[in-house]
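J.: Let me begin by handing over the structure; questions about it come next.
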Amino acid sequence: MKAEDLKTKTVDELQKILIDERKAQMNARFQRANGTMEKTDGVRKGRRTIARIKTFLNAKLKEEATKGASKSKAA
């Protein structure tokens, strides 16, 4: 998944995508272990995609936390 696509997602959407990618990574590991995987770079791409999603997820959570803190200070 491209970074541009992830920028527009909400926190809930990112968490759902993360779960789906982790499931896909697990399946890719099983396929590699069984020898049925045709494209062996799938495991590496999955790891990188998961890292990219987690990066955007943490940035969004941090952004929401700072917004919530600034609203409580203003009140």
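The values are calculated or read from the model by the stated rules, or taken from the named source; none is laboratory data. Everything numeric here is computed off the predicted structure, so don't read it as measured data. Here Cβ is always computed from backbone atoms with ideal geometry, including for glycine, and neighbour counts include all displayed protein chains.
J.: Please determine whether any residue of region 3-22 is part of a loop (DSSP other than H, G, I, E, B) and either of a type in the set (S, T, N, Q) or touching a residue at least 60 places away in the same chain (Cβ under 8 Å) (or both).
T.: yes
J.: Has region 41-51 got at least one residue that is among the hydroxyl-bearing types (S, T, Y) and without any contact (Cβ under 8 Å) to a residue 40 or more places away in the chain?
T.: Looking for residues that are among the hydroxyl-bearing types (S, T, Y) and without any contact (Cβ under 8 Å) to a residue 40 or more places away in the chain, one finds none in region 41-51, hence no.
J.: Looking at L18, L6, L57, L14, which one is modelled with pLDDT under 90, surrounded by 14 or more Cβ atoms within 10 Å (Cβ to Cβ) and not polar (S, T, N, Q)?
T.: When all the criteria are applied, what remains is L6.
J.: Shifting gears a bit: Restricting attention to region 23-54, which residues are among the polar types (S, T, N, Q) and either surrounded by fewer than 10 Cβ atoms within 10 Å (Cβ to Cβ) or within 23 Å of K9 (Cα to Cα) (or both)?
T.: Of everything in region 23-54, those that are among the polar types (S, T, N, Q) and either surrounded by fewer than 10 Cβ atoms within 10 Å (Cβ to Cβ) or within 23 Å of K9 (Cα to Cα) (or both) turn out to be Q25, N34, T36, T49.
J.: Restricting to region 21-46, name every residue that is in contact with a helix residue (DSSP H, G or I) (Cβ under 9 Å, 6 or more places away or on another chain), of a type in the set (K, R) and modelled with pLDDT of 95 or more.
T.: R22
J.: Is region 26-37 home to any residue that is assigned to a loop (DSSP other than H, G, I, E, B) and among the β-branched types (V, I, T)?
T.: yes
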